1. Relative to the longest principal axis of the chain, what angle (0 to 90°, nearest 10) does the C-alpha long axis of helix 48-76 take?
2. Semi-axes of the range 18-76's equivalent ellipsoid from the Cα gyration tensor, sqrt of 5 times each eigenvalue, largest first, rounded to whole Å?
3. Taking Cα atoms, how many degrees apart are the long axis of helix 10-41 and the longest axis of the chain, rounded to 10 and kept between 0 and 90?
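Please treat every number below as a calculation from the coordinates, not as lab data. These figures come from a predicted structure and were not determined experimentally.
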């Protein structure tokens, strides 16, 4: 069988699915964390959207970097 230039391989599709599922989980975790902070504080935060953005951005940067490193190691077999 010869190489097909437009053949879809399963690995990139699974990676996209994995990153999407992790992003959804991060969204719900960031929302839970923000609600816990507000509950402990006893009042809503004045810049709630900005705080949510910072939480989810930090979680995403760290989690996706760790996930990318893990996937690279798994693909090289080390």
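1. Result, in degrees: 30.
2. 29, 10, 8
3. 10 degrees
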